[in-house]
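Written below as structure tokens is the structure these notes are about.
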Amino acid sequence: MGLKVYGHRMSQPARAVYIFCKMNGIEFEEISVNFFTKKTASPVFQEINPMKQVPAIVHGTFKLFESHAILRYLACAFPGVPDHWYPADLQKRAKIDSVLDWHHLNLRHGALRLVQAVALAPKLGRQPNPQVAIEAEKLLSESLEKIETFWLQGSGPFLLGNSEPSIADLSLVCEIMQLEVLDDKDIDRILGPHKKVQQWMEDTKTATKPHFEEIHGVLFEVKAELQKQRLLGANNA
Amino acid sequence: MTLKIYADRMSQPSRAVLIFCKVNGITFEEIKLDLARRQQRSSEYKEINPLRQVPTIVDGRFKLFESHAILRYISCAFPGVADHWYPSDLFKRAKIESVLDWHHSNLRRGAVAYILNSTLAPALGLQKNPQAAAEGEKILSSSLEQIESIWLKGNGRFLLGSSKPSIADLSLVCELMQLQVVDEKDRDRILGPHKKVEQWIEDTKQATMPHFDEVHTVLFKLKAKLQEQRLSEANNKIESSKNTTLPSKM
Ligand SMILES: N[C@@H](CCC(=O)N[C@@H](CS)C(=O)NCC(=O)O)C(=O)O
Ligand SMILES: N[C@@H](CCC(=O)N[C@@H](CS)C(=O)NCC(=O)O)C(=O)O
């Protein structure tokens, strides 16, 4: 049964799905849907995901969206996926679900709105919004603090003290990677105080090499482009 | 050891967990926290849930929070929970996961922002914020439209065209019940255009009676109180512009 992944490499949840598939040797066809240019709202794509968002998958005739649901599904549907990604043990699994559920209105809500209000606003055809940026950064920093002091408690390098990564590590790290499009001094201010978070991101990258870097290539290109623009802006001022 | 549920019946996710256990005949001890009195900030509760939110469960030595994670866990950990709540079939389950994940940043985000900023803020020591309420309403209305046209598509009466409710029906309906506390004409404006949603709320209630109403009693009481207040406020407006206070229980 063929697997199609509709996504975009500038979408953090789509990157998580791509990296997961590559890490686990799951073959898929990558179909890029550019949400910056609203290709996600095209009638063709709405047949795939009526919510008009990426990522979405089609596996045979089965359609699914929402990255966490996709990651859970893939972990169970493909026999070769090692247990640590989404453990069969009920209590271990429940803890990972708890992180994933927490993610939506905490880390993601902060990081996504900050990035959109500051760096990606022009790409999305919007005005930068400093008020939203302030609120979003506050939530983001609180969320990072909770990861640092609570979710990364324990002996292992990964969330929940695990010694190997789960789908929650991948999802959350891909989210934080999106901060790369911000100005470096903003990134330092936000991530600087959270040493364990930084180490955990490194560990997750290393554990998912070389796919992590490869899938994030586009993000780094956008980062460089935005940096150049900021420099030009500063010189012109 | 009996399952412990730390909850406030004014909290939508808490209610979903309580109703779920009652409907499925799971014995539990309910430990009530009053969020309006900030009891979730106590040092005892921090031991139970360092992120200081409700609901949280303790099953033996196992602690868990986030209502969706709790509902999934209980469905699997307690024998006797009927399969339709959280099907073991991979495809059916994945679709329910999709609804649950969608819930957070859409229906919940919109409903919480709207209800807090239009109605409940004063009870929590916050200011009402019309701008934030309007933004919340926009997300809430588009989420309701998506439930109506996407999630409620199909033959059955429940989400995803199912003939029986799942944990997603319960979670989303409990979220929407929170709208009971807002002014009736606002609720009508928001829910009115979504007839299928209204019917589905009714069907979910019916499927989980009498527990649904019992667990929502506190909410209905608050609704009545707030309604009375609005009435007397309207009357007072004629004479003076006197300050009003909300009851301490949100
Ligand atoms: N909770 C969803 C979020 C999906 C999402 O927000 N996708 C964005 C890109 S990161 C999108 O497609 N946006 C297009 C739009 O909303 O118009 C998930 O985890 O899959
Ligand atoms: N996503 C969480 C939400 C939990 C939540 O927001 N709980 C609220 C009550 S509805 C709470 O405990 N608020 C108190 C606080 O944050 O201080 C879940 O589904 O359990």
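The values are calculated or read from the model by the stated rules, or taken from the named source; none is laboratory data. Predicted model, so just to flag it, every value in this text is computed and none were measured. Neighbour counts are summed over all protein chains in view; Cβ atoms, including those assigned to glycine, are modelled from backbone coordinates with ideal geometry.
Can you find a residue that is of a type in the set (Asp, Glu), surrounded by fewer than 20 Cβ atoms within 10 Å (Cβ to Cβ) and closer than 19 Å to B:Gln12 by Cα anywhere in the stretch B:34-53? Scanning the stretch B:34-53, I find at least one residue that is of a type in the set (Asp, Glu), surrounded by fewer than 20 Cβ atoms within 10 Å (Cβ to Cβ) and closer than 19 Å to B:Gln12 by Cα, so the answer is yes. Yes or no: the stretch A:56-68 includes at least one residue that is more than 16 Å from ligand 2 (Cβ to nearest atom), within 30 Å of A:Gly2 (Cβ to Cβ) and polar (S, T, N, Q). For the stretch A:56-68, residues more than 16 Å from ligand 2 (Cβ to nearest atom), within 30 Å of A:Gly2 (Cβ to Cβ) and polar (S, T, N, Q): present. When you go through (1) within 9 Å of ligand 1 (Cβ to nearest atom); (2) among the aliphatic types (A, V, I, L, M); (3) touching a residue at least 12 places away in the same chain (Cβ under 8 Å); (4) within 14 Å of chain B (Cβ to nearest Cβ) one by one for A:Leu74, which number turns out not to apply? It fails just one condition, (1). Candidates A:Leu160, A:Leu172: the one that is closer than 13 Å to A:Ala111 by Cβ and part of a helix (DSSP H, G or I) is A:Leu172.
Each row is one residue, and each column tells you yes or no for (1) in contact with a Gly (Cβ under 8 Å, 6 or more places away or on another chain); (2) closer than 20 Å to A:Lys63 by Cβ; (3) in a loop (DSSP other than H, G, I, E, B); (4) at the interface with chain A (Cβ under 8 Å from one of its Cβ atoms).
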{"residue": "B:Val58", "(1), (2), (3), (4)": "no, no, no, no"}
{"residue": "B:Ser98", "(1), (2), (3), (4)": "no, yes, no, yes"}
{"residue": "B:His103", "(1), (2), (3), (4)": "no, yes, no, no"}
{"residue": "B:Arg108", "(1), (2), (3), (4)": "no, no, no, yes"}
{"residue": "B:Ile115", "(1), (2), (3), (4)": "yes, no, no, no"}
{"residue": "B:Ala132", "(1), (2), (3), (4)": "no, no, no, no"}
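Evaluating A:Asp83 against the criteria (1) of a type outside the set (Val, Ile, Thr); (2) within 12 Å of chain B (Cβ to nearest Cβ); (3) under 26 Å from B:Ser88 (Cα atoms) leaves one unmet condition, (2). For the stretch B:1-35, the candidate set comprises residues that are part of a helix (DSSP H, G or I) and within 14 Å of chain A (Cβ to nearest Cβ); within that set, the residue that is nearest to ligand 1 (Cβ to nearest atom) is B:Pro13.
Scoring A:Phe150 on the criteria (1) more than 21 Å from A:Ala133 (Cα to Cα); (2) part of a helix (DSSP H, G or I); (3) away from chain B (no Cβ under 14 Å) leaves a single failure, condition (3). Evaluated against (1) buried (at least 23 other Cβ atoms within 10 Å of the Cβ); (2) more than 10 Å from ligand 1 (Cβ to nearest atom), A:Glu27 falls short on exactly one condition, (1).
Determine whether A:Thr37 is within 14 Å of ligand 1 (Cβ to nearest atom) and either surrounded by fewer than 24 Cβ atoms within 10 Å (Cβ to Cβ) or polar (S, T, N, Q) (or both). Considered against the rule, which asks whether it is within 14 Å of ligand 1 (Cβ to nearest atom) and either surrounded by fewer than 24 Cβ atoms within 10 Å (Cβ to Cβ) or polar (S, T, N, Q) (or both), A:Thr37 comes out as yes.
Just one residue in the set A:Lys22, A:Lys63 is within 10 Å of chain B (Cβ to nearest Cβ), modelled with pLDDT of 95 or more and surrounded by 13 or more Cβ atoms within 10 Å (Cβ to Cβ); that residue is A:Lys63.
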